[in-house]
Structure formats: structure tokens, C-alpha cells
Amino acid sequence: MSNEPRQSIYDSTGPVTDTRDARMGEGVDDRFNSKLREAFGSQPFILTKFDQFMNWVRGSSMFMLQFGIACCSIEMIHTYAIKHDLDRFGAGVPRASPRQADVIIVPGTIVSKFGPRMKRVYDQMPEPKFVIGMGSCTISGGPFQEGYNVVKGAEEIIPVDIHVPGCPPRPEALVYGVAKLQERVANGETAPVVVKPYELEQFGDLPRDELVQKLADQIDEDDLVMRYNWADSP
Amino acid sequence: MSTDLTTTADQIDEDGLEALIGDRALTRDDHKNAPGFVIRPDEVQSVLFDLRDQAGFDHLSCVTAQQYDDRYESIYHLKTYDDPTREVSVVVPTPVDEPVSQTAEPVFRSADWAERENFDLVGIQYEDHPDMRRILLPETWQGHPLGLDYDQDKPQVVKFAQHANPLEADQHDTESDTMFLNIGPHHPATHGVLHVKAVLDGETVVDVEPDIGYLHRCEEQMCEQGTYRHQIMPYPDRWDYVSAGILNEWAYARAAEDLADLEVPEYAQVIRTMSAELCRIAAHMLALGTFALDVYGDFTAIFQYAFRDREVVQDILEDLTGQRLMFNYFRLGGVVWDLPEPREEFFEKTRDFLDELPAKVAEYDDLLTGNEIFQLRCVGTGILEPEVAKQYGCTGPTARGSGIDVDLRRDDPYGYYEHLEWDVITEDGCDNYSRVLVRMQEVEQSAKIIEQCIDLLEEWPEDEREIQSNVPRTLKPPADTETYKAVEAAKGELGIYIRADGTDKPGRFKIRSPCFHNLSALPEMVEGEYIPDLIASLGSLDIVLGEVDR
Ligand code: SF4
């Protein structure tokens, strides 16, 4: 036995090798020669930092929260469903529970009654978590900006990583937004956490203005409340 | 257009109504759609009882409230299920310093939620109402936003309430083994942001209360701030947003055209009819898909099939209107533009869709309605008796699934429907299954309508393709004209009440939402049933929260 490959095997793979070589043309195949390969030579090891690796993993396998609010959620469902199929981008399995989700897409108008609930849902998601604001409503209140009951953007309540404008954004736009978020996550960029004007607070801690005074006997001191100051809102 | 109540043996005409109400009527306040009688606030029940029992007005379609400088006013818009063109309005003024009026709840159950909404938004109190609480805004809200003296800029405090057991007060003892369950407002089976408070005894639902208002986007205020001609039309798209936009636009168009006496060219009517029915197909497809998802978690087959078909419809609508979801295609007096060029391509595309539809419907039948598991879940659950449905003001597929033969497209014709061949579908099962069957068959009927419209449009002579009538640049309907007009939207009777105040914006714009009333019947359907049937019933009502809350 020599070290030569057996003729029968060598010959049988010949046509494949030939075709490949013919396709590649002259020279070495540099598709496989990444910068990393160059640096490490032919060693079969890739060295990276652990958190870079984790970021790459996070970006490539996102679990979305199944969270529908208003009209934009219809387009969001279309993005998950057949034809647009968000799953192609590693982000297509909506989870019904916030405790299993990494990303929350906020698809619609947030009104005063829903604001605290959304905050609660967001708080239940495990860190690290990311937020995609879908549609004009989550940017500014959109078409309903002047409404007496409409919160002027999701950013009033939770920090938003990516805004996808549109009313509603097309599924393609949402896919683009998700891809952008993945890119950012993989690069280790996260949103700066903004200090929000409205947090859930204990009612007892609010400054004692006329309104708080008026409600004082109706609301338990320890109750969580959210205070909306429409006039100062952007 | 004034009233034309026909006199037959069992129907009462306008004089008859006058005689029936007698001197309880203080004056007349006729609306464009119906005669109106002004009555005293403490005679609401007696008048409504008489109208219901003696004149046959069995459908309280809408309750509007509004504030004038010198008074508050509640308007009860009554209709009959048999003939929705028989209408009468009962106007109840109350003084500004003491806006208290008798409740109509004992006469019509649908007044329950409607009056709560009026209390919430306008501030009229209804005496003896069983549950006079806010319905759309948070409990701690200060002021009534559609009242005249509301200051929108003042701060508000919104509670994140602990979820109390509603039975606690009266039944809380060591013996009691009921359980309180919150469903929503963030829950996959509530079709948006609905909050259902359920009390369970074992697996049986003892008490259920839908809590709405998580998507109250001030639609009425927005419409009151917009000009008739262009600024209002985008909003209807956002009421029932499951691609049913054009049906909603039609509701506004119909009311405003009636208010300002605008004509719509016949060609535009055909386009309107066709596009509206395309929307209906898309809306019903979504209802089917999500219902399958609700009852047996079918995210893979039927749900995806339904969305595949919706994509096709949306493509066609996009060719027509330029948008996938928020069409903004109607204009007062017509539509915004003609069919896309080349027309043949559009016709071909639509025809292709229609040709493939029967095979797809057969597929749904195999997968869904013919499926044993599905039948087990749906047949005989969520029973809604026709009499109950009428009491709650249910309309649309929900009513038709209870055997009530009502469809405004046929009974109060508009658009081009009268000239086309199609049927109104009813099923007598009164259960979840019937409601699904109704929707499935309506898809076929819509396809039939579209096909006829396409034939007409193809033949239409080129020089007669008039898409809009002549509409003044600024519309200013004369002050104090009032009208209430409804169309058959995907979920039922979508009505709009408009009062003109002489400017180019409406003085009051009230939306009668079919989902709002359909949803109010939920407790009747599920109390005493199992909790999974609650989910199925909710799904079969096919509510859209954008329309429930507005
Ligand atoms: S941005 Fe437009 S489509 Fe999206 S929720 Fe708001 S109104 Fe609806």
C-alpha cells in the first residue's frame, strides 16, 4: 500500500474536481481564504472573543415576542407568514410568552391604558432585549398624534433600538429593520437606555398636585401608576 | 332624502309614529335619514318600549351623544332587522348643569355598552344604568374628552391596577373555589389588545367581562378635526384594519355623500363595489386563518394558506390603490383614480385569482370545516340565540350565523349591489361553526360579485368612465344637518352619524362599530361553557380591536 490515493476513488472524483477547477478558473480559490485564514495559516481554529461570539449567536437566532397591537400587526403577521417568511433571517418564531423572547416588535398605537401593560410585558423579557418600533405610531403617535389618549411614541415608555417608519411599513421594510437590528446586535451595539419620562411609579410617591390629591382616596398608596403629562410630551 | 316609510298592515308610518309617541314628543328634530322625536329625559324607556313592542323597531343601532353650548343630547337610532330602511331617531336633550337621562338598557341590551361609552367620552349620566363606569378610558381619567370644556393638556394618572377577583366582595369565603383568570390584554388569542376577565369554576366559565379601551385611539376626535373632503378619508382605513379598509371608507363616503347630497357616477360605483368585495375576501380570510390558530393552534397549514390567499388579494388591491393595507382609495363622489393601466392585465390578474378560488375554498373545506377535531370544537359551542343577538345589536356574519337574515347590501342597497346576482348567506346553527360557515360562503359570494363587476368594467365604453362627480372644493354642508348612514362592513353594520355645523369639518362624528356590539354579546355566549370554548367564541366573533375601541 502506498500513500497514493487509490486509483478507483481518485478517478471517480476526478470529474467533480475538474468541473470545480474549471469554474474557478486559474489560481487558488480565494473564496475560502478569509482574512482570518490568512492570519492563522491553515490551522483549523478560529479564535474570537467570547462576547463577540455571543453577539453573533444572538443576532443569528432571535426569538420575537408575539405581540400585536394595531394595524401594523397585520403587516407584521404577513412578515412572519408565507411569502415574506421572516424565518429565513433567523428571526421567525414568535414566542407567546415574554419570558422566552429576545425582541419585541411594537406594532401600533400605544394609548394611555395600554402603556403600563406594555411596560410590564417589556419588563418581563429577559436581558439582553431589543425593541423594534414598527410604524409611525411608535415613532410619534403617527396619524393619531393629536389624540387625547394616545402616547406620543413608544420611546416614551420603553427604549427603542430600531424605528421602522411607515403607516404601515411594508413587510420588506420590517425585514430590513430586523436585519439592521441583527447587524447591530452582531456588532455589539446596543441601544443606549434612555431615561423615560413615564415610569411605573408608586402612587404615593407622586408630587401632591391637585390631580393626585383628588385621586388620593381612590387609589391605594402602593398602587403602581403611570403619569402622563400630555402638555410636556413631544 | 327624507323618510319614506311604507305603510303596510303591520307597519306604522310616520303619522302612526307621531300618534304612538303622542305628546311625549316635545318637538320634531328630523334627521336626513329618519324622522326624529325629541322627548323628555325621564320618558326614554316608555317611548322606546312602545317603539319596540308596538312599532316593531327591534334594533337599537346606535346611541350618539354630543354636547351643544346649551345642552347635552343623546340620540337613539332605531331600525328594524327586517327592513333597515325603516328608521327613527329618538332625541333626548339634557341640561348642561345636570346631564342625567334615563337609561335604555332594560329595553335594549345594546344600550348598556353604548351608554357607558357616552358617559365616558361625552359625560352624560344615565340613571338606573346597571353599571355606569368608564368603558374606553382608564378609570382614573379626569374629564370627558368629547365634551366642550375638556382640556387636553392636563396631566392624567393611569393606574396599573391589581387584578381583583370580581366575585370577592360577595362570594369570598373558604368554601368558594372559583378562580379568577385574566386573559390579555397581551395574549395571542385575543386578536389584539382585548382584556377578558373570566371567573372559572373548575373549567367552566362562570362570569366573563370583556374589558376594552386598550386601543382607544380617539378616532372620533380625529375625524372631527379633519375636513370632509380629504382629511377624514384616511382614518376609516384604520378602524377595521384587517384589510377591510375600503369597506370602512364606504361607510364614511356614504354618510358624507348623503349629508352633502353628492352623486356618485355609476362607473365609480362598480369600482367601489368590486374593491369593497376584494377587501371583504381579505378580511374573511384573516378571520378563518386566525380562527384555526385559535381553536387548534394551526400555525402551519390553514393559517399560512389563508395568508397566502390574502397576499394575492392584497397584490390586486395594491395594483388598484397603491397601498397594501391603508388604501385611502375612495373620495367623496367617487374614487381617486381609475383602474390601473394596462387594464387587461389587471382584469387577468383578478380573474386568475377568482378562477383559483373555488379550488382553494374546497381545500379549506377539507382542512377546516370538514375536519372532525374542528367540528368537535365548534359545533354546538358558543350558542347565540337570534333573540339575544338582536337584543345586543349584533349584525354581520355574527347575526347571520344565528339565522338572522340581515344584510345591508341587500336591505338598504347602496353601490351597485342591487344590479348584481348574489345571495345573503345565513346559517341556523347559532354556534361557532355556523359563523365560520357563513364567512366561508360569503367569500364565494364576494367572488361572484367581483366577477360580475369585472365583466361590467371590461365592457364599459371608454368615454363614459367617469370616476368622480363634481364635488365643491370645500364642502360645507348646512349647519345642523344630521344623518346616520350605515354600510355592511366585514363585521356587520358600520354606521356613521355626522352632524354638520356649517364649517368644513363635522361638528360631531360618531362611529357605530359592529365589533363593539358583537363583542358585548360575548358573556351571553360563553357563560356556563368551558374555557376553551370561550377562546373559540371570541375567535368566531372575529373582532378587531381597532374597531371595538376606535
Ligand atoms: S403606524 Fe399606521 S398602520 Fe401602524 S399602527 Fe399606526 S396607524 Fe396603524
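Just so you know, all these numbers are worked out from the coordinates, no wet-lab data involved. Please read these numbers as outputs of a predicted model, since none were measured by experiment. Here the Cβ is made from the backbone with ideal geometry for all residues, glycine too, and neighbour counts use every protein chain on show.
Of all beta bridges DSSP finds with both residues in the protein assembly as shown, what is the antiparallel percent, to the nearest 5?
On the way: 59 of 77 bridges.
Around 75 percent of the beta bridges assigned by DSSP in the protein assembly as shown are antiparallel ones.
Filter the chymotrypsin sites (Phe, Trp or Tyr not before Pro) in region B:337-402 to those in DSSP coil with at most 16 other Cβ atoms within 10 Å of their Cβ, and list the result. Write down the numbers at each step before the final one.
Numbers: sites: B:Trp337, B:Phe346, B:Phe347, B:Phe353, B:Tyr364, B:Phe374, B:Tyr392; in loops: B:Trp337, B:Tyr392.
Sites meeting the loop and neighbour criteria: B:Trp337.
Just checking the output field for A:77-86: average partner chain Cβ neighbours within 10 Å of each residue's Cβ?
Working: counts 8, 8, 0, 4, 10, 9, 8, 2, 1, 0.
If you average over the peptide's residues, the count of other-chain Cβ atoms is 5.
What size of dipole, in debye to the nearest 20, comes out for the protein assembly as shown about its Cα centre when the only charges are +1 on Lys and Arg C-beta atoms and -1 on Asp and Glu C-beta atoms?
Details: 73 positive and 143 negative charges, 662 e Å.
In total the dipole reaches around 3180 debye.
Within 10 Å, count the other beta carbons around each residue, average over each peptide in B:394-402, A:135-143, and list them highest first.
Values: B:394-402: 29.2, A:135-143: 24.6.
Ranked from most to least packed, the peptides come out as B:394-402, A:135-143.
Between A:Ala81 and residues 5 or more places away or on another chain, which pairs have amide H atoms under 5 Å apart, with H built 1.01 Å from N, and which residues are they?
The answer is A:Leu86.
Determine the shape class of region B:339-414: with a ≥ b ≥ c the square roots of the Cα gyration tensor eigenvalues, call it rounded for a/c under 1.5, and otherwise prolate if a/b is greater than b/c, oblate otherwise. Don't skip to the end; give the middle numbers.
Values: a/c = 4.53, a/b = 1.42, b/c = 3.19.
Note, shape of region B:339-414 comes out oblate.
Looking only at other chains, what is the average number of their beta-carbon atoms within 10 angstrom of each beta-carbon in B:322-329?
3
Give the long-range amide H neighbours of B:Gly401: residues separated by 5 or more places, or on another chain, with amide H under 5 Å away, using H modelled in the peptide plane at 1.01 Å from N.
B:Glu427
Quick check on region B:411-550: take the gyration tensor over C-alpha atoms, sort the square-rooted eigenvalues as a ≥ b ≥ c, and tell me if it's rounded (a/c under 1.5), prolate or oblate. Provide the component values of the computation, followed by the final result.
Numbers: a/c = 3.24, a/b = 1.32, b/c = 2.46.
Taking the square roots of the gyration eigenvalues as a ≥ b ≥ c, region B:411-550 is oblate.
Using a 10 Å cut-off around each Cβ of peptide B:220-226, what is the average number of partner chain Cβ atoms that fall inside?
Partner Cβ neighbours, averaged per residue: 2.
How about B:Lys476: which lysines have a C-alpha closer than 30 Å to its C-alpha, ignoring those fewer than 8 places off in the same chain?
Leaving aside lysines fewer than 8 places away in the same chain, those within reach of B:Lys476 are B:Lys32, B:Lys79, B:Lys485, B:Lys505, B:Lys510.
Quick check: pseudo-label points 7 Å beyond the Cα along Cα→Cβ at B:Asn470 and B:Glu18, how many nm apart are they?
Each label point lies 7 Å from its Cα, and together they span 3.7 nm.
Taking the alpha-carbon distance from B:Lys448 and a cut-off under 14 Å, which aspartates and glutamates remain once sequence neighbours fewer than 8 residues away in the same chain are dropped?
B:Glu277, B:Asp352, B:Asp355, B:Glu356, B:Glu418, B:Glu421, B:Asp423
Between region B:30-90 and region B:93-136, what is the C-alpha centre distance in whole Å?
First find each Cα centre; the distance between them is then 14 Å.
Please give the peptides B:115-122, B:15-22, B:284-291 ranked by average Cβ packing (other Cβ atoms within 10 Å per residue), highest first, as a rough proxy for protection. Can you show the working numbers first?
Values: B:115-122: 24.0, B:15-22: 14.4, B:284-291: 25.9.
Answer by packing, highest mean first, reads B:284-291, B:115-122, B:15-22.
Sequence-distant or interchain residues sharing an amide H contact under 5 Å with B:Leu26, placed H: which?
Here B:Val38, B:Ile39, B:Arg40 satisfy the definition.
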